[in-house]
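So the structure is just underneath, and the comments pick up after that.
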Amino acid sequence: MELLPLVCLCLLSCSGETSAAGDGVKVVVKEDDDAVLPCSLSTKEDITAKLFDWKKDGQKEVFFYDSGSHYNNGRPGQDEQFTGRVSHFQDQLKNGDASIKIIKTKMADSGTYSCDFPRLQPRQTFYIELVVDQVLRDRTGENIPGAAPEPNIKTLDQTKDRALLQCEAHGDPLPTVEWKDSDNNTLNADSPQISERGGRSYITVKTTVTKTDRYRCVATQKENSHQISAETSVYIQGEILPSCDFICK
């Protein structure tokens, strides 16, 4: 019978959410966070001079250790996806701990990982499922087809006590658009208007503001976790300013 890994409290607190998943362990982290994948022998025997091999989905070489030789000290063979991103805990090998850390996790890192001790008698293999939750962020440089570019914002009309702001955005799929103030509060706005121009769909949203502040138009495409914004500063003449922060920053 295979032995289940012992998951210490440190791993639980340092690598996102960790929970039992069938015969293995499930680790859940947010994109760009580091993930610790636990793998420990219940015997806690010293594995400094042992061999253990980490693979992803049964194929990709993640981390290979053999009596001190591993991918981070010149050993070849590591999959390009993990080059320079995976490390082990050298000082914990004496306790039978073969856990690894993957830094700056990506969506592509999600999958099933195996931690194998092929030379042990009997052979022991542990399985860890890694789930990387995608987060909303600006993915302009990730070559995502149809990703919305920075919205176009303008002030349509302004008086001494109010300003009418307009935001226009496009993308495929068409993004949702909302206005926010400097405290990240969502502002009341007119109903979005959809138009067609040059074979492309545009969404336009207007809002009226009555105080001096920095305002952001945020365009979001949840389908590909892309979010991008543009900002403008508004000065309301009749308002007494508590400070010049909105201008000075």
Practice problem: Could you grab me the full set of residues in the stretch 46-74 that are farther than 11 Å from ALA98 by Cα and surrounded by fewer than 13 Cβ atoms within 10 Å (Cβ to Cβ)? | Solution: ALA49, ASP57, GLY58, GLN59, SER67, GLY68, SER69, ASN73, GLY74
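In this structure, is ALA189 touching a residue at least 40 places away in the same chain (Cβ under 8 Å) and either surrounded by 15 or more Cβ atoms within 10 Å (Cβ to Cβ) or touching a Pro at 6+ places or on another chain (Cβ under 9 Å) (or both)?
no
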Self-check item: Leading residue by the ranking (nearest to CYS115 (Cα to Cα)) among those in the stretch 44-86 that are touching a Leu at 6+ places or on another chain (Cβ under 8 Å) and hydroxyl-bearing (Ser, Thr, Tyr)
Solution: TYR65
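Of these, ASP66, ASP116, ASP109, which one is in contact (Cβ under 8 Å) with a residue 12 or more places away in the chain and farther than 23 Å from THR48 by Cβ? Even if it seems obvious, please write down each step before you answer.
Details: ASP66 fails: farther than 23 Å from THR48 by Cβ; ASP116 fails: farther than 23 Å from THR48 by Cβ.
None of the other options fit; the residue is ASP109.
Each value in this text was obtained by applying a stated rule to the coordinates, not by laboratory testing. Nothing here was measured: the structure is a model prediction, and the numbers come from that model. All Cβ positions, even for glycine, are placed from backbone atoms using ideal geometry, and neighbour counts span all protein chains on display.
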